[in-house]
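Since the structure comes first, as structure tokens, the remarks are kept for the end.
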Amino acid sequence: MTRPSRSEASRLTLVCAIATIATGVTVLTGWTLHVDLLTRMFVGNVHMLPITAATFVIAGVSLWMQRVDTDEASRLSFVSRGLAVLVVVIGLVTLAERAWGWSTGLDGLLFPATLARLPYQPAGRMATNSAVSFVLAGAALFLLDGQTRRVRQTAHWFSTLGITIAALALIGYLYGATALYQMDVAASMAVSTACAFFALYVGILSARPGASWAGRLVSRTGTGMLARRLLLALTIVPLALGWLYLHGRDYFSREIGIAILVVVIMAIQLTVLLRAAAIVQRGERAQARALEHAAAARDEAERANRAKNDFLAVMSHELRTPLNAIIGYGALLRDGIPDPATPGQRNQLERIGASAKHLLALIDEVLTLSRLELGRERITPGRVGIAALCEEAAAMMEPEASRKGLALTLHLPEPVYTMTTDAGKLRQALVNLITNAVKFTDRGGVQVRAWGEDMGSVVVFEVEDTGLGISADHLPMIFDAFWQVDQAPTRRVGGTGLGLHVTRRLVRLLGGDVVVRSVLGEGSCFTIRVPRAYWEAPAEGGSMDVMDTGELVASRAG
């Protein structure tokens, strides 16, 4: 889900904070200059009291400090939360004075002589609903950046309750319902006070929109757009209709007025419904177009991938022919055909042969990967000796292991034990693992083991070395294509990073999997597990009975 627009929410909070502060400062200026219109903010007949105006300034400053969730706001957190606590204290003290008839002197701190001439009793004491609203606002400001989501949500529920009180007061003034804005005999929430509370609470809700229902209104999703467009129809229009009904009763009867009101409400609801349906329909069309574009892009990517794999397959085949010729003619020259080679020439020819074989191995890896990607790699099952398969794979790396002074040790079952699988693919997987083990081991040795598990139905191959090892952070990535632990251009050992990726693909094609365990600086152990019988057909010369599988399990050596 798309998050609410942080910049829009921050701007709305800033505007609300400035409006709250400006309202309080304007009213205090009016009390200072004895301008009655300013103390009422030009609306209504009830004044905003000085203590109320001063508390609005404090609350507005606290909101301004918390308008964004940044490092700067964090540094001001202590001050802003202290101001929030002060707002709560002012509200609680006023409520206590109202409840128990106390007089702490808070009401007369500002302009006591002027307040004494007004009809409010006690003089200068804010209304109960205003005091409750300040307690809720201060608590919400204090909890705005709570440590847990539950605490932050509590702040927004306080704000929701406070904005409801302010909205009820405004509706009370609009419809002449005194009980909605006056809870005390001689004190009411002024129109300007209700408007200031409304701005303050909107600012609190938009300060951290992700933790409140207000986030849906400022979000950049289709839901947010729909909510913003319908907000006016669902709030202002019903209030206007109610006002028109109350003031139109002098011109038509109650029955006609109710009928007109019902018809207008139905028309508005139908308009809202059609508007919402149109917005949803546009969203569905946009989503359908996006899905079509995504499908077309996916098809194009698949075609490009197939073309790439076809190109790799063709080029690999084409490169193998001249490479085989290079290897063959190099071997002939090294053997003195047609003319004997000098020791220096023989040394260079051996280097050419080694490089050509290395390049051929890389081409084979790319060719195998392209066949796997295209789904053209086919399994050719056959009976193969487990020990013979491991010996053939190890023999290919025996010269390199001897050159590095490494011990290449085999722990294998008896030659009579066989399995049904694709010998070429399993051999290639083992060769890749043994090659890596020899390549990354400088001292110690490499061990190749094979045995049976699950009553011999699974054959396990292990290739363990005493080499460099792999860190725990890199283990999840070593089977990715073209990924290597050492990515530097000057890495100590070469390679394309395809060996392990191709190995896992081949083993999984055979119905098994390969895993690794490793300790950095101590060595690695790669384990292949494949089914002993790739297919469920009887083998030539008999079937594999329980005794045979049991003996394979028992024959593990090492």
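The values are calculated or read from the model by the stated rules, or taken from the named source; none is laboratory data. As the structure is a prediction and not an experimental result, all values here were calculated from the model. Every residue, glycine among them, receives a Cβ derived from its backbone with ideal geometry; neighbour counts consider all protein chains shown. The area values use the complete protein model at the heavy-atom level, side chains included, leaving out ligands, DNA and RNA. Shrake-Rupley method; radii C 1.70, N 1.55, O 1.52, S 1.80 Å.
Got a number for residues in the range 274-283 being open to solvent by less than 50 Å² (accessible area, probe 1.4 Å) and either more than 48 Å from the chain's Cα centre (by Cα) or in contact (Cβ under 8 Å) with a residue 12 or more places away in the chain (or both)? Final tally of qualifying residues: 3. Of all residues in the range 98-123, those satisfying the criterion of being polar (S, T, N, Q) and either open to solvent by 40 Å² or more (accessible area, probe 1.4 Å) or within 56 Å of the chain's Cα centre (by Cα) (or both) are Ser103, Thr104, Gln121. Total residues in the range 257-279 satisfying the condition of being among the small types (Gly, Ala, Ser) and out of contact with any helix residue (DSSP H, G or I) (no Cβ under 8 Å at 6 or more places or on another chain): the figure is 4. Just wondering, is there one or more residues in the range 184-203 that are in a helix (DSSP H, G or I), under 19 Å from Leu239 (Cα atoms) and free of Cβ contacts under 8 Å to residues at least 60 places away in the same chain? Among the residues of the range 184-203, at least one is in a helix (DSSP H, G or I), under 19 Å from Leu239 (Cα atoms) and free of Cβ contacts under 8 Å to residues at least 60 places away in the same chain, which makes the answer yes. Checking each residue in the range 355-401 for being under 25 Å from Arg443 (Cβ atoms) and at pLDDT 70 or above picks out Cys390, Glu391, Ala393, Ala394, Ala395, Met396, Met397, Glu398, Pro399, Glu400, Ala401.
Could you tell me whether Thr271 is of a type in the set (Ser, Thr, Tyr), modelled with pLDDT under 75 and surrounded by 12 or more Cβ atoms within 10 Å (Cβ to Cβ)? Taking the combined requirement at face value, the residue does not satisfy it. Scanning the range 204-221 for residues that are modelled with pLDDT of 90 or more, open to solvent by 20 Å² or more (accessible area, probe 1.4 Å), part of a helix (DSSP H, G or I) and of a type in the set (Val, Ile, Thr) turns up nothing. Taken over the range 334-352, the criterion of being touching a residue at least 12 places away in the same chain (Cβ under 8 Å) and either open to solvent by 80 Å² or more (accessible area, probe 1.4 Å) or under 19 Å from Glu400 (Cα atoms) (or both) is satisfied by Gln345, Arg346, Leu349, Glu350, Ile352. When you scan the range 160-180, do you find a residue that is open to solvent by 50 Å² or more (accessible area, probe 1.4 Å), closer than 21 Å to Val88 by Cα and hydrophobic (A, V, I, L, M, F, W, C), even just one? The answer is yes; a qualifying residue exists.
Pairing residues of the range 21-47 that are within 17 Å of Gly60 (Cβ to Cβ) and of a type in the set (Ser, Thr, Tyr) with residues that are part of a helix (DSSP H, G or I) and open to solvent by 50 Å² or more (accessible area, probe 1.4 Å), at Cβ distances under 9 Å and at least 6 apart in sequence or on separate chains, gives Thr23/Cys195. As a summary of the residue check, Ala290 satisfies the conditions (1) open to solvent by less than 50 Å² (accessible area, probe 1.4 Å); (2) modelled with pLDDT of 80 or more; (3) among the aliphatic types (A, V, I, L, M) except for the one numbered (1). Checking the range 428-446 against the condition returns no match, with no residue being more than 18 Å from Arg403 (Cα to Cα) and assigned to a loop (DSSP other than H, G, I, E, B). Name the residues in the range 476-504 that are surrounded by 15 or more Cβ atoms within 10 Å (Cβ to Cβ) and modelled with pLDDT of 65 or more, would you? Of everything in the range 476-504, those that are surrounded by 15 or more Cβ atoms within 10 Å (Cβ to Cβ) and modelled with pLDDT of 65 or more turn out to be Ile478, Phe479, Leu498, Gly499, Leu500, His501, Val502, Thr503, Arg504.
With respect to (1) surrounded by 17 or more Cβ atoms within 10 Å (Cβ to Cβ); (2) in contact with a strand residue (DSSP E or B) (Cβ under 9 Å, 6 or more places away or on another chain); (3) closer than 15 Å to Ala393 by Cβ, the lone exception for Thr409 is condition (1).
Yes/no per residue for (1) of a type in the set (A, V, I, L, M); (2) within 17 Å of Ala113 (Cβ to Cβ); (3) surrounded by fewer than 18 Cβ atoms within 10 Å (Cβ to Cβ):
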| residue | (1), (2), (3) |
| --- | --- |
| Ile21 | yes, no, no |
| Trp31 | no, yes, no |
| Val35 | yes, yes, yes |
| Thr39 | no, yes, no |
| Met48 | yes, no, no |
| Phe56 | no, no, no |
| Gly60 | no, no, no |
| Met65 | yes, no, no |
